[in-house]
Amino acid sequence: MFRMSKTSHAKHDAILSIIQQASPRMMQEQLSAHHPSDVADVFMTLGDTERAFVIMSLNFHQLAALFIHMDASLAARQVALLNPDKAAHVFEVMPPDDVAHILHGLSKAARGAIYEHLDPNHAQALQALTTYKKSTAGALMTSDCVILPGDTTTAEALRQIAHDANVMETIHRIYVAADNRFLEGVVELRALIGAEASTPLSDLMHTDMITVQVADRLDYVIHLIHNYQINQLPVVNSQFCLLGVITMDDAAGVLWRQSRRTYAVQGGLSTKMPLGVSMSRRIFWMGFLGALALMLSVLVATFSPPPTTLIALFVVWPLILGLTGQAILQTQTVTVHALQNQQLPDGRSRVARVLTEWAINSLNGLFYSLVLVGLMLLAGRLVPFEALDVAFAGLAGATLFVGMSCAGLMGSLVPILLYRYNIRPIWASGHLLRGLMDVPLTIGLFWAVSTWL
């Protein structure tokens, strides 16, 4: 469990005190002494009224820094509180990729109003970034990169870098491209610094570049950045024209957001959210599972097994659901991990994964089914209970075997299908898969017992 240190608690309390007690002007001055990331953490714990007060009190640069360190969906809700002119001023001092993430969360009308207050070239660049799907390289890239023709000299390139350093977040390299932005090569800064002033970039560039297509998935992008330790990854289109770059910081931000969303999907809770928001995040899965339980209760009530058999069912039933639920969670975890680490790059490897998980869970199901049948028959001999006979034990064992076999299929197939259609596989959460498994298993077991025994 994560626990805040005394220093973290002190920072949190100090920032919260400033927000709750200071005037707008004093808030600007005093919050400037704190890192924007710390301010963003405290901001997430505030109610809507306090958030609105902070947003209206900070200046353009402070708002820009705050939005950069904030979840994009939350930042979009705060931008909606600003008038279009102020929002445009904030966006002008933010990296384009961060602005694009926020714009995705605004309505078309709100985006249009902000574009009207931006420089036309800036607005056009942002509109281009927002056309890409969220789960692709295009949505993550920034257009902030130095692009020069191959005949540019070292001295001219250094002057251009000195000029661009005032407006770009980071500069790691120079991209050599033709007039149509066809990517010809890359010049590292260390090569540029040690070269003669008259040396053209074409003599310094290297052409063995690692690039990604604009439509490539984000997990593939992160895989490349991690494996090759790339500070900047060029993003190109099908004609190999440079569209932008993805930095290591961008990739780290994706991993951070994905980890938060994973926990949000699985549990619907964040300790940094107000009580009402946390409740609303949890209520979906609670309602989903509650509705399933109610439906099962109604359906099970329609069956009429003998009283002694019903008692035996309530002993065996939780065991079967527990084992199948554990099997489906294990399979889902292994499959999602393999997808996110690019271990299943094509259809053949994905089919092999499904078959492997089905075989593993079927063998485990066979083993535990035999154990369950043996224990039930042994209990029937030791305890004078007429329901624990061979037929009931065999039916319970068969249900467990079928359930664990299906767990292997569903736990691997559902995440792979979601991944195939650009839906994050974590949405195949344990709540959903277990619910889909529990319903047919319960109905099948109670129906079979009522019909055959």
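We did not get these values from a lab; they are worked out from the coordinates using the rules stated. None of the values given here were measured: they were computed from a predicted structure. Methodologically, a virtual Cβ is constructed for each residue, glycine included, from the backbone with ideal geometry; neighbour enumeration extends over all protein chains shown.
Worth pointing out:
- Potential lengthening between Phe240 and Met26 on full extension [0.36 nm per residue; Cα-Cα distance subtracted]: 71.9 nm
- Over all other residues within a Cβ to Cβ distance under 9 Å of Ala139, the charged ones net out to +1, with Lys and Arg as +1 and Asp and Glu as -1.
- Taking a point 7 Å from the Cα of Ala155 along the Cα-to-Cβ direction, the residues of region 185-219 with backbone N closer than 18 Å to it are 192-204.
- Values of log10 I(q)/I(0) for region 146-256 across q = 0.09, 0.14, 0.19 Å⁻¹ run -0.24, -0.57, -1.00, by the Debye formula with one identical scatterer at each alpha carbon and no solvent.
- Paramagnetic label zone (point 7 Å from Cα along Cα-to-C-beta, His117; backbone N under 20 Å) in region 34-66: 51-66
- Top positive-direction residue, dipole computed over region 8-131 with Cβ charges, set Ala76, Val99, Leu129: Ala76
- Seen from Met205, the other residues with C-beta closer than 14 Å to its C-beta sum to a net charge of -3, counting Lys and Arg as +1 and Asp and Glu as -1.
- Inter-centroid distance (Cα atoms) of region 76-133 relative to region 202-225, Å: 27 Å
- Maximal additional length on extending the Ala14-Arg348 stretch stands at 114.7 nm, based on 0.36 nm per residue less the C-alpha distance.
- With the simple spin-label model, which puts each label point 7 Å out from Cα in the Cβ direction, the Phe53 to Gln326 separation comes to 5.1 nm.
- Inter-site label distance for Ile147 and Leu81 at 7 Å from Cα along Cβ, in nm: 3.8 nm
- FRET efficiency, 1/(1 + (r/R0)^6) with R0 22 Å, evaluated for Val439 and Met286 via beta carbons: 0.80
- Under 5 Å between amide hydrogens, built in the peptide plane, is the criterion, and for Gly150 it picks out Ala177 among residues at least 5 positions away or on other chains.
- Gln229-Asp179 pseudo-label distance in nm [points 7 Å out on the Cα-to-Cβ vector]: 4.1 nm
- Sorted by Cβ neighbour density within 10 Å, fewest at the top, the residues Arg350, Arg77: Arg77, Arg350
- Listed residue (Thr153, Ala177, Val254) projecting farthest to the positive dipole end of region 146-256, Cβ model: Val254
- Net dipole in debye of region 36-170 [+1 Lys, Arg Cβ; -1 Asp, Glu Cβ; about Cα centre; nearest 20]: 460 debye
- Subtracting the Cα-Cα distance of Val371 and Thr451 from 0.36 nm times their residue separation leaves 26.3 nm of extension gain.
- Charge tally for Ile416 (other residues, Cβ to Cβ under 9 Å; Lys, Arg +1; Asp, Glu -1): +3.
- Karplus 3J(HN,Hα) series, Hz, for region 326-337 with 6.51 cos²θ - 1.76 cosθ + 1.60 (x for Gly, Pro): 5, 5, 6, 5, 5, 5, 4, 4, 5, 5, 4, 4
- Each residue of region 171-188 was assigned a 3J(HN,Hα) from its phi angle through the Karplus curve 6.51 cos²θ - 1.76 cosθ + 1.60 (θ = phi - 60°); the sequence is 10, 9, 7, 10, 9, 8, 9, 7, 4, 8, 6, 5, 6, 9, x, 9, 10, 6 Hz, with glycine and proline shown as x.
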